[in-house]
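Below is one structure; the comments refer to it alone.
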Amino acid sequence: MVTFGSIVCNKLRQPQNYIEAVDSDSIEMKTAELLSGIDGTMMFRYNSRDTFKTLSIYLSEYQLGQRVSHKKVLELSYENVKSSTNGLIVITPDFDNFTAKLIAADKYSKYMTEIPILEGVKNREYYGRSATTIENKCKIEYGTEQGLAALIYGEKGLSSLPIQDIEGEYIDTDNEYMYYYSVEFIK
C-alpha cells in the first residue's frame with residue numbers, strides 16, 4: 001500500500017502542463033526516423049490542462065554566437081475556440097536539401113512549413129552537423145519562450161551546448177551556425 005501511495009504522490013507532483021521530447025524508443029519516434037532519413041528527427045509532445053489562445057514557434061539564427069535573426073515561423077491560434085489539450089511539434093532537418101521541416105499537430109489542426117538552412121553559405125555541403133534538444137519534462141511557462149532544439153553546423157568543428165544555455169543576443173560558442181527553435185504558449 002505504501003508503494004502505491006508513493007507512485008500516486010509522484011504522479012501528482014509532476015507538472016500537469018508540460019512539454020517533453022518523445023522517447024527515442026517509442027513507436028512514434030521509430031516511425032518518424034524511418035520517414036525522415038539520415039538526418040533524423042526531433043519530436044516533442046506537449047500537454048496542457050489549461051486552455052491557451054496561441055502556440056507560437058520561433059526560430060533564431062546565430063552566426064559565431066551572435067544572433068542575426070529572430071522570427072516567428074509558426075503560429076496556431078485558438079481564438080474563439082477551445083485549444084487542444086495535447087499535441088506534437090516535430091523538427092526534421094534535411095541536410096541534402098538544406099532545409100528543416102517544422103510540423104505542429106494537435107487534435108484539431110496540423111501545420112507544416114519548410115525553412116531554408118545555410119542559405120548562401122559557401123561549401124555548406126562539407127559542414128558538420130549536430131543537434132541539441134530538451135531532455136526532461138519541462139513545465140510550460142505561459143507567455144515565455146522556451147527552448148526546444150537547436151541545429152548546429154560548422155565547417156571547422158562543432159561543440160554541443162545544453163539547450164538551456166542557448167538564448168539571448170550572444171552565446172559563448174565557436175559554432176559557425178546555429179538554428180534555435182523555441183516555443184511559446186499564450187493564455
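Bear in mind these aren't lab numbers, they're just calculated from the coordinates by the rules spelled out. These numbers were taken from a predicted model, which means no experiment stands behind them. All Cβ positions, glycine included, derive from the backbone under ideal geometry; neighbour counts span all protein chains shown.
Using only alpha carbon pairs under 8 Å that are at least six residues apart, calculate the relative contact order of the chain and give it in whole percent.
On the way: 392 pairs, mean separation 46.1, N = 187.
Relative contact order here is 25 percent.
Looking at the calculated P(r) for the range 67-166, what percent of the C-alpha pair distances fall above 21 Å? Mind showing how you got there, number by number?
Details: 2196 of 4950 pairs.
When every Cα pair of the range 67-166 is considered, 44 percent fall beyond 21 Å.
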(message) Could you tell me which residue out of Thr113, Ala131, Gly65 lies farthest along the dipole of the chain toward its positive end? Charges go on the beta carbon: Lys and Arg +1, Asp and Glu -1, centred on the Cα centre.
(response) Thr113
(message) Using Cα springs under 10 Å in a Gaussian network model of the chain, which residue among Tyr58, Tyr153, Tyr78 shows the largest mean-square fluctuation?
(response) Tyr78
(request) Under a 10 Å cutoff between Cα atoms, tell me which one of Asp165, Asp25, Asp39 has the largest fluctuation in the Gaussian network model of the chain. (result) Asp25
(request) Mind listing the long-range amide H neighbours of Leu74? Cut-off is under 5 Å, sequence gap 5 or more, other chains count too, H placed in the peptide plane at 1.01 Å from N. (result) Ile57
(request) Put one equal scatterer on each alpha carbon of the range 26-89, apply the Debye formula with no solvent term, and list log10 I(q)/I(0) at q = 0.18 1/Å to two decimals. (result) -0.91
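Averaging over every viewing direction, what projected area does the convex hull of the Cα atoms of the range 121-187 cover, in nm²? Spell out each step's value before the answer.
Numbers: hull surface 21.1 nm².
Averaged projected area of the range 121-187's Cα convex hull equals 5.3 nm².
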(request) Quick one: which residues, 5 or more positions from Ala149 or on another chain, have an amide H under 5 Å from its amide H? H modelled 1.01 Å from N in the peptide plane, none for Pro or chain starts. (result) Tyr181
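Report, in cubic angstrom per residue, the convex hull volume of the C-alpha atoms of the range 16-186. Please report the intermediate quantities before stating the final value.
On the way: hull volume 19.4 nm³, N = 171.
Roughly 113 Å³ of hull volume per residue.
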(message) Through the Karplus equation 6.51 cos²θ - 1.76 cosθ + 1.60, θ set to phi - 60°, convert the phi angles of the range 43-55 into ³J(HN,Hα) values in whole Hz; use x for Gly and Pro.
(response) 10, 10, 10, 10, 9, 9, 6, 7, 6, 9, 8, 8, 10
(request) For Lys156, go through the lysines and keep the ones whose alpha-carbon is under 20 Å away, minus same-chain ones fewer than eight residues off. (result) Lys122
(message) What do you get for the angle between helix 27-36 and the principal long axis of the chain? Use alpha-carbon atoms, 0 to 90 degrees, nearest ten.
(response) 20 degrees
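Placing unit charges on C-beta atoms (Lys and Arg positive, Asp and Glu negative, everything else neutral), compute the dipole magnitude of the range 25-145 about its Cα centre in debye, rounded to 20.
On the way: 16 positive and 17 negative charges, 68 e Å.
Charge dipole of the range 25-145: 320 debye, to the nearest 20.
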(request) Working from Cα positions, state the angle (0 to 90°, nearest 10) between the long axis of helix 2-13 and the longest principal axis of the chain. (result) 60 degrees
